[in-house]
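Remarks on the structure that follows.
The values are calculated or read from the model by the stated rules, or taken from the named source; none is laboratory data. Being a predicted model, the structure only gives us computed values, none of them experimental. Glycine gets a Cβ as well: all are built from the backbone with ideal geometry, and neighbour counts include every protein chain shown. Ligands, DNA and RNA are excluded from the accessible area calculation, which covers all protein heavy atoms including side chains. Shrake-Rupley method; radii C 1.70, N 1.55, O 1.52, S 1.80 Å.
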Amino acid sequence: MQQIINFVLRNKTFLLFLLLFGLSLFFTIQSHSYHKSKFVNSANFFTGGIYKTTNSFSQYFNLKEQNDALIEENKKLRTIIFNLELDTLRVSSIDSTLLGDHYRFTDADVLKNSYSLSNNYLTINKGKKDNIKQDFGVITSKGIVGIVDNTSNNYATVLSVLSKKNRINAQLKKTSHIGSLVWDGKTEELVQLVDISKFAPVAVGDTIMTGGQSAIFPKGILIGKVESFSLDIGGDTYTINVRLFNDMTNIGHVYIIENMNAKEIKSLQSQSDE
Amino acid sequence: MQRKSNHYKVKAMNSVTINSLLRFVSLVLLQGLVLNHVNFLSYINPYPYILFVALFPINNNRTLFIFLAFLLGLSVDFFTDSGGIHAAACVTIAYIRPPILKFSFGTIYDNQTIKFSQIDVGSRMVYFSILTLFHHLILFSLEVFNISDIILILKKTLFSSIFTIILCTLFSILFSPKRK
């Protein structure tokens with residue numbers, strides 16, 4: 001016993017180093033696995049509060065761009081509304097009215113955004129108090145941004161599409177060939193769409209949108225344009241480079257989508273899996 | 001006489017503690033709010049917050065030092081949502097600091113009379129470079145977390161290191177007390 005105590009005392013620096021290094025490795029591994037409730041994240045009272053304070057200053061610097069984006073979005077929405085009125089008959093039977101029941105939108109400000117790491121997170125100023133939970137989708141008027149990961153009372157972190165952990169269901173707009181959206185970590189402008197069948201008629205410039213097979217995003221949220229594509233090594237599927245519509249380096253205002261039926265869909269899927 | 005010197009000692013201790021505390025907070029804030037968003041060429045960021053580890057008083061006890069380094073790394077991790085990568089890197093360089101000090105400063109370190117402000121810029125830069133390279137290598141290995149991307153890890157380490165070393169040297173020159 002004496003010897004053990006002596007050993008610990010003699011090597012206390014090394015043991016402390018091992019302990020702390022192990023602890024940080026544990027946090028790191030946790031952060032690399034998908035959706036594990038994490039201790040280290042910026043959606044806490046402290047860092048969230050600091051980010052909020054600094055954001056209240058810095059958001060003035062890109063007000064003009066934000067205004068332009070809003071005007072652009074308004075224009076688009078108005079086009080949709082006026083076109084709707086013209087052919088109400090055709091559209092009323094499909095989604096737009098249903099959309100109101102199934103999906104709830106919340107707006108939020110981005111307090112912090114990163115795009116240089118291999119798993120990037122945004123911090124937003126809405127949290128549990130505003131009914132934001134894990135697995136809600138996050139978009140801007142231009143397209144997809146990411147998925148809510150951790151939440152605190154007032155803040156939430158969003159796992160960006162620029163992350164190696166994410167696999168988002170996506171499809172070609174003109175046909176319904178589906179695949180998964182992943183990121184190779186190379187540049188913040190391009191993401192990769194994999195597992196698209198080789199029979200799909202892919203062409204450069206085609207639009208990619210969300211596929212609606214997940215319970216997170218509704219179908220038809222824009223993602224990006226086909227930049228280039230190649231057949232997989234196996235020769236069965238395409239790997240497509242997709243240029244994002246969103247400029248991920250400059251995101252000020254986002255919308256959070258809650259799928260009201262997510263629970264029902266999930267329980268149904270898990271039932272049929274059994 | 002004895003009492004007086006003790007009094008001075010306490011005073012000096014206090015000023016060192018306050019200095020370190022201020023340095024800790026300001027470096028973490030600078031890192032979290034400004035330097036993490038530099039993104040030069042979209043992936044190069046400097047991490048000069050390791051100045052805290054580099055310039056921590058040498059005669060102090062090592063357990064406390066390693067623990068503080070861990071806290072430093074963890075605080076930066078909280079800002080970047082990155083798990084424990086900064087903490088791991090900081091703890092490591094804090095642990096291996098004595099041999100690096102010995103290597104870069106040689107005999108001055110053996111005499112235990114080292115004062116960072118009195119060391120010439122050249123050897124200070126060598127010291128920062130070694131610490132930075134170790135730190136960044138661990139940091140980016142854990143961040144990418146994939147051995148097949150070793151080229152990416154090395155690329156990030158190299159370019160960010162250059163940036164960090166320059167900033168560290170500049171800061172240490174700017175904020176060091178004037179030499180007499």
- Note on the structure: Rounded to the nearest 10, the angle in degrees between the Cα long axis of helix A:12-32 and the longest principal axis of the Cα atoms of chain A comes to 10 degrees
- Task: Once you have a ≥ b ≥ c as the square roots of the Cα gyration tensor eigenvalues for the range A:168-244, tell me rounded if a/c is under 1.5, and otherwise prolate or oblate according to whether a/b is larger than b/c.
- Result: rounded
- Task: List every DSSP H helix in chain B whose Cα atoms extend 30 Å or more along the helix's own long axis and whose mean Kyte-Doolittle hydropathy is at least 1.0.
- Result: B:121-144, B:150-174
- Based on the Cβ-Cβ distance of residue A:133 and residue B:30, what FRET efficiency does E = 1/(1 + (r/R0)^6) give at R0 = 30 Å, to the nearest 0.05? 0.35
- Rounded to whole angstrom, the alpha-carbon centroid of the range B:51-79 lies from that of the range A:146-175 at a distance of 34 Å
- Task: Please give the FRET efficiency for residue A:167 paired with residue B:103, using the beta carbon to beta carbon distance and R0 = 45 Å, rounded to the nearest 0.05.
- Result: 0.45
- Message: Could you compute how much accessible surface residue A:177 exposes when probed at 1.4 Å, giving the result in Å² to the nearest 10?
- Response: 50 Å²
- So, with a 1.4 angstrom probe, what is the percent of accessible area on the protein assembly as shown that is carbon and sulfur? 63 percent
- Note on the structure: Filtered pair list for chain B (Lys only, Cα < 26 Å, 8 or more apart or interchain) has a length of 13
- Query: Roughly how tilted is helix A:63-86, in degrees to the nearest 10 and between 0 and 90, from the longest Cα axis of chain A?
  - Reply: 40 degrees
- Note on the structure: Rounded to the nearest 0.05, FRET efficiency between residue A:52 and residue A:6 (Cβ-Cβ, R0 60 Å) equals 0.75
- For peptide A:157-166, compute the average count of partner chain beta-carbon atoms within 10 Å of each residue's beta-carbon. 1
- Task: Can you bin the range B:2-174 into rounded, prolate or oblate? Criterion: square roots of the alpha carbon gyration tensor eigenvalues sorted a ≥ b ≥ c, rounded for a/c under 1.5, prolate for a/b above b/c, oblate for the rest.
- Result: prolate
- Applied in sequence order to the range A:166-178, the curve 6.51 cos²θ - 1.76 cosθ + 1.60 (Karplus, θ = phi - 60°) yields integer Hz couplings, x standing for Gly and Pro, of 6, 9, 9, 5, 9, 8, 6, 6, 7, 10, 10, 6, 9
- Note on the structure: Bounding extents of the protein assembly as shown in its principal axis frame from Cα atoms, largest first in Å, are 98, 49, 47
- Those residues in the range B:30-47 that give up at least 30 Å² of accessible surface, probe 1.4 Å, once the partner protein chains are present instead of the chain by itself are B:33, B:37, B:39, B:42
- Message: For residue A:176, what accessible surface area do you get with a 1.4 Å probe? Give it in Å², rounded to 10.
- Response: 80 Å²
- Task: With a probe of 1.4 Å, find how much accessible area chain B has per residue, and write the answer as a whole number in Å².
- Result: 51 Å²
- Summing -39500 (n - 2.57) over every DSSP H run of at least 4 in the protein assembly as shown, dividing by its residue total and rounding to the nearest 500, the 222 nm mean residue ellipticity is -16000 deg cm²/dmol
- Item | Residue-normalised accessible area of chain A, expressed per residue, 1.4 Å probe, Å² | 55 Å²
- Task: Answer with one residue from A:230, A:176, A:204: the one whose Cα lies farthest towards the positive end of the charge dipole of the range A:168-244, charges on Cβ with Lys, Arg +1 and Asp, Glu -1.
- Result: A:176
- Task: Pop out a list of residues from the range B:79-98 that are at least 50 Å² less accessible with all the protein chains around than in their chain alone; 1.4 Å probe, no ligands or nucleic acids counted.
- Result: B:79, B:81, B:83, B:95
- Item | Nearest-20 debye value, the protein assembly as shown charge dipole, Cβ charges on Lys, Arg, Asp, Glu | 2460 debye
- For B:125, A:209, what's the largest-to-smallest order of accessible area, 1.4 Å probe? B:125, A:209
- Query: What residue among A:121, A:34, A:155 has the largest mean-square fluctuation in a Gaussian network model of chain A, using Cα springs under 10 Å?
  - Reply: A:34
- Note on the structure: Distance in Å, no decimals, from the C-alpha centre of the range A:223-253 to the one of the range A:46-65 is 30 Å
- Scoring only Lys, Arg, Asp and Glu (+1, +1, -1, -1) among other residues with Cβ under 10 Å from the Cβ of residue A:41 yields -2
- Rounded to the nearest 10 degrees, what's the angle between the helix A:45-58 long axis and the longest principal axis of chain A, both from Cα atoms, 0 to 90? 50 degrees
- Which one of A:222, A:244, A:18 has the biggest mean-square fluctuation once chain A is modelled by GNM with Cα springs under 10 Å? A:18
- Which pairs in the list A:186/A:263; A:52/A:133; A:225/A:263; A:133/A:266; A:133/A:186 are over 23 Å apart, alpha-carbon to alpha-carbon? A:186/A:263; A:225/A:263; A:133/A:186
- Message: I'd like to know which of A:115, A:249, B:65 lies farthest towards the positive end of the charge dipole of the protein assembly as shown, counting +1 on Cβ of Lys and Arg and -1 on Cβ of Asp and Glu.
- Response: B:65
- Task: Return the single residue from A:56, A:163, A:197 with maximal mean-square fluctuation; model: Gaussian network over chain A, springs between Cα atoms under 10 Å.
- Result: A:56
